[in-house]
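Novice: For reference, the structure I am asking about is given below.
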Amino acid sequence: MRAFVYERPDRLADALALLAGDDDGAARPLAGGTDLIIRIRDGSIRPATVVDVKGIEEFSSDIRIEDGWLRIGARTTMTDLMRDERIRRDYTALAEAAAYVGSVQIRNRATLAGNICNASPAADTAPALLAFGARVIAVGQGGRRVIPLDDFFVRSGVTTLARGELVEAIEMPLPIGDRGSVHARRTRRRGHDLASVTLAVAIDDRGTTRVSYGSVGPRPVLAVDDTGTLADPTATDDAVRERLEELFVAAAPSPTSMRASPEYRLAMLRVMAIRAVRDARERIAS
Ligand SMILES: Cc1cc2nc3c(=O)[nH]c(=O)nc-3n(C[C@H](O)[C@H](O)[C@H](O)COP(=O)(O)OP(=O)(O)OC[C@H]3O[C@@H](n4cnc5c(N)ncnc54)[C@H](O)[C@@H]3O)c2cc1C
């Protein structure tokens, strides 16, 4: 592993100065390190400076309500999410997604912010966050800005964060009425491998269904069914299948991936989605 300078600033301004001050853009933020350290080790990135964001006083690991949004601080880990009563009740798919990530040790370190900033198409929390209409609060030396999560992902490893910007929090709107949600994923080996397909479905009691899927293209995709078909418990399997097929138009799995063939991923996506829609519907009333 190539040597790098390790910095652990207490103040946000100092962290931003360190990230902005690096002329060739080789300074990288570090949260749990479960993605970053692996990439430094395998040489795919070679930062001159690593800026640990866990000491930043302005960054929190709180999950709290602020101005009608549920705000999740940049230091919040997967374990924090799984344990939070509100997340489990109102954002069930996100609690389930967090519980799928890696192993206990990984979940104790891995942050939600790190999961989306890594921008893997297979990131487990991305579909649930998209289905819940999440937005990213980014902060840089020029100030703060809000990025809808759907505008955040570009492709594997690339987001719309500007150089030197940090994610300070991720926010989700508070639910209106009842909602049922489900996270589903397919993997070759639990705890050791990323998802071959990852999916979230959220159905509300007004008949809107948000379906989000990952690992079947360069970035996670959000599709919305506002025809009421997927939310309708009397809809036939054929009607549900047909509607899902329309929503999966953006699914384009890589033909060269070592994890699974495109045919397998698409077949699994269809099966998992039908089950997830049924389970999400059942959860609305429960
Ligand atoms: C054994 C193993 C199993 C895994 N299993 C899964 C799995 O099942 N599902 C899954 O989705 N992932 C999995 N991962 C990947 C990883 O654990 C997650 O993506 C994790 O959430 C990353 O968070 P982190 O805090 O460790 O991020 P880090 O590794 O610290 O950072 C990840 C990226 O985000 C950037 N970054 C971090 N914080 C910020 C911030 N606040 N602002 C701006 N940029 C930031 C870093 O510079 C880096 O580019 C696994 C990893 C390992 C090693």
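Taken together, the values in this text are just the output of simple stated rules run on the coordinates, not laboratory data. Keep in mind that this is a model prediction, so the values were computed, not measured. Virtual Cβ from ideal backbone geometry, glycine too; neighbours counted across all protein chains shown.
Novice: Classify segment 166-259: rounded, prolate or oblate, from the alpha-carbon gyration tensor (a ≥ b ≥ c, eigenvalue square roots; a/c under 1.5 rounded; otherwise prolate if a/b is larger than b/c)? Write out the running numbers ahead of the final one.
Specialist: Details: a/c = 2.02, a/b = 1.29, b/c = 1.56.
Oblate is the answer for segment 166-259, as a/c is 1.5 or above yet b/c matches or exceeds a/b.
Novice: At 222 nm, what helix-only mean residue ellipticity would the chain give, in deg cm²/dmol to the nearest 500, using -39500 (n - 2.57) for each DSSP H run of four or more?
Specialist: Details: 10 runs with 92 residues, N = 286.
So the calculated ellipticity at 222 nm is -9000 deg cm²/dmol.
Novice: In debye, nearest 20, what is the charge dipole magnitude of segment 95-218 about its Cα centre with +1 on Lys and Arg Cβ and -1 on Asp and Glu Cβ, if you could check? List each step's numbers first, then the result.
Specialist: Working: 15 positive and 11 negative charges, 83 e Å.
In total the dipole reaches around 400 debye.
Novice: Take the alpha-carbon centre of segment 1-66, take the same for segment 247-286, and report the distance between them in whole Å.
Specialist: The two parts, judged by their Cα centres, are 34 Å apart.
Novice: Additional query: Which shape class applies to the chain: rounded if a/c is under 1.5, otherwise prolate when a/b exceeds b/c and oblate if not, where a ≥ b ≥ c are the square roots of the Cα gyration tensor eigenvalues? Working shown, then result.
Specialist: Details: a/c = 2.12, a/b = 1.55, b/c = 1.37.
Prolate.
Novice: Starting from the 7 Å offset along Cα-to-Cβ, what nm value, one decimal, do you get for the label separation of Ser44 and Arg11?
Specialist: 3.6 nm
Novice: Right, here's the next one. Loop-only check: which GluC sites (Glu not before Pro) in segment 1-102 are DSSP coil with at most 12 other Cβ within 10 angstrom? Walk me through the numbers before you get to the answer.
Specialist: Details: sites: Glu7, Glu57, Glu58, Glu66, Glu85, Glu96; in loops: Glu57, Glu58.
Loop-located and lightly packed - Glu57.
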